[in-house]
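Peer 1: Sharing a structure below in structure tokens format, with a few things to ask.
The values are calculated or read from the model by the stated rules, or taken from the named source; none is laboratory data. Keep in mind the model is a prediction, meaning the values are calculated, not measured. All Cβ positions, even for glycine, are placed from backbone atoms using ideal geometry, and neighbour counts span all protein chains on display. Surface areas here come from the heavy atoms of the whole protein model, side chains and all, with no ligands, DNA or RNA. Shrake-Rupley method; radii C 1.70, N 1.55, O 1.52, S 1.80 Å.
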Amino acid sequence: MSPLQWRKSSFSTGDAANCVELAADSVGTSHLRESDDPEVVIATTPAALRAFLRAAKAGRFDRLEG
């Protein structure tokens, strides 16, 4: 398997270590990581990632209760 090609969020600023990065592997699995902890990677399906992004854009995570 070839190394993942990570893409930084368009909301990231410069070389700051506070951004989300996304990559897809050869079988289409989506991988996410935070740039300040790049060894921790979350893998998910494209459909689940789309659902998560739709929910985030809709504000469903803006007021999470602990």
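Peer 1: Given Cβ point charges of +1 (Lys, Arg) and -1 (Asp, Glu) and nothing else, what value in debye, to the nearest 20, does the dipole of the chain about its Cα centre take?
Peer 2: Roughly 460 debye for the chain.
Peer 1: Fully extended, how many nm does the chain gain between Arg54 and Ser35 (0.36 nm per residue separation, minus their Cα-Cα distance)? Please list the in-between numbers first.
Peer 2: Values: separation 19, 0.36 × 19 = 6.84 nm, distance 2.22 nm.
Difference between extended and current length: 4.6 nm.
Peer 1: So for the chain, taking the charge dipole from beta-carbon charges (+1 Lys/Arg, -1 Asp/Glu), which of Ile42, Ser12, Val27 sits furthest toward the positive end?
Peer 2: Looking along the dipole axis, the top candidate is Val27.
Peer 1: Please work out whether the chain counts as rounded, prolate or oblate from its C-alpha gyration tensor, where a ≥ b ≥ c are the square roots of the eigenvalues and a/c under 1.5 means rounded, while otherwise a/b larger than b/c means prolate and anything else oblate?
Peer 2: Numbers: a/c = 1.99, a/b = 1.24, b/c = 1.61.
Oblate.
Peer 1: Per residue, how much accessible surface does the chain expose to a 1.4 Å probe? Answer in Å², no decimals.
Peer 2: Per residue, the chain has 82 Å² of solvent-accessible surface.
Peer 1: Nearest 500 deg cm²/dmol is fine: what mean residue ellipticity at 222 nm does the chain get from its DSSP H runs of n ≥ 4 alone, each adding -39,500 (n - 2.57), divided by its residue count?
Peer 2: -5500 deg cm²/dmol
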